[in-house]
1. Nearest 10 degrees is fine. How inclined is helix 106-122 to the longest principal axis of the chain, computing both from alpha carbons?
2. Hey, if we sort 205, 151, 102 by accessible area with the 1.4 Å probe, largest down, what's the order?
3. Quick check: the angle from helix 35-44's long axis to the longest principal axis of the chain, C-alpha only, nearest 10 degrees?
4. Determine the order of 217, 71, 194 by accessible area, beginning with the largest, at a probe radius of 1.4 Å.
5. Using a 1.4 angstrom probe and counting only protein chains, how large is the accessible area of residue 90 in Å², to 10?
6. What list of ³J(HN,Hα) values in whole Hz, one per residue of the stretch 13-26 in order, does the Karplus curve 6.51 cos²θ - 1.76 cosθ + 1.60 (θ = phi - 60°) give from phi, with Gly and Pro shown as x?
7. Once phi is turned into θ = phi - 60°, what whole-Hz ³J(HN,Hα) does the Karplus curve with 6.51, -1.76 and 1.60 give for every residue of the stretch 45-62, x standing for Gly and Pro?
8. For residue 205, list the lysines whose Cα falls under 21 Å from its own Cα; do not include residues on the same chain fewer than 8 positions away.
Amino acid sequence: MPHNILVADDDPHIREIICFALEKAGMKTVAVSDGAAALQAIERRAPDLVVLDIGMPEMDGLEVCRRLRHTSDVPVLFLSARDEEIDRILGLEMGGDDYLTKPFSPRELVARVNVILRRARRAAPETDDRQFSHGRLALMPASHAASFDGKPLALTSIEFSILKGFLARPAHVLGRDTVMANAYAANIHVADRTVDSHIRNIRAKLAAVGCTDGIETVHGVGFRLGRCGT
């Protein structure tokens, strides 16, 4: 079945370009022009992914994502007319899965949407009963559940995949390329700041449930799994 994509952007020309590109790629789209309408559309029918403009009036994309993350982990691809690092970091820290700066290539947008959808499919319930654990941290791919000391961790699909990559190789130091290969297709370029933002998000979520030693930085090399409460 074709994927259902919600497109939220206040510029009708941009909405038309995005919807045309996605529909040409075999997806179905619903387009809205503001944040409130985006939340209403999601409540009526949960999409497979949201393309969300940050700079919408009244309720911007960051606020939409913040409210959305209280009830849903639907993947979000942010769009912004500003290529400012703070916007990119805020978008990812708010729970976004990726970030694309305007003007953009429709082909790149479709490629990034497909990457996120593939990652979400891989994060869906699996047929085996594997469980990854280290210290008091546990991940169960079959149910897409994570916990620390029995306390649930609410992770996005990309965060789950990154953490799973660490748990699969708990004694290894992983470079940024390896970290993001666990979450993105190899042919999609992801900036170092994006990697750092995802790691920061995971650390914050771990700290919120009492794990202050989840992921360690190995300066000049990458990251490794910490003691996780052992």
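The values are calculated or read from the model by the stated rules, or taken from the named source; none is laboratory data. Because the structure is a prediction, the values reported are computed rather than measured. With ligands, DNA and RNA removed, areas are computed over all heavy atoms of the protein, side chains included. Shrake-Rupley method; radii C 1.70, N 1.55, O 1.52, S 1.80 Å.
1. 40
2. Details: 205 60, 151 100, 102 40 Å².
Largest accessible area first, the list is 151, 205, 102.
3. Approximately 70 degrees, to the nearest ten.
4. Details: 217 65, 71 125, 194 10 Å².
The ranking, largest first, comes out as 71, 217, 194.
5. Result for residue 90: roughly 60 Å² accessible.
6. Ordered by residue, 3J(HN,Hα) equals 5, 5, 4, 5, 4, 5, 4, 4, 5, 5, 5, 4, 8, x Hz.
7. 3J(HN,Hα) across the stretch 45-62, in whole Hz: 8, 5, x, 7, 6, 10, 8, 10, 6, 6, x, 7, x, 6, 10, 7, x, 5.
8. Answer for residue 205, where 21 Å is the Cα cut-off: 151, 164, listed by chain and number.
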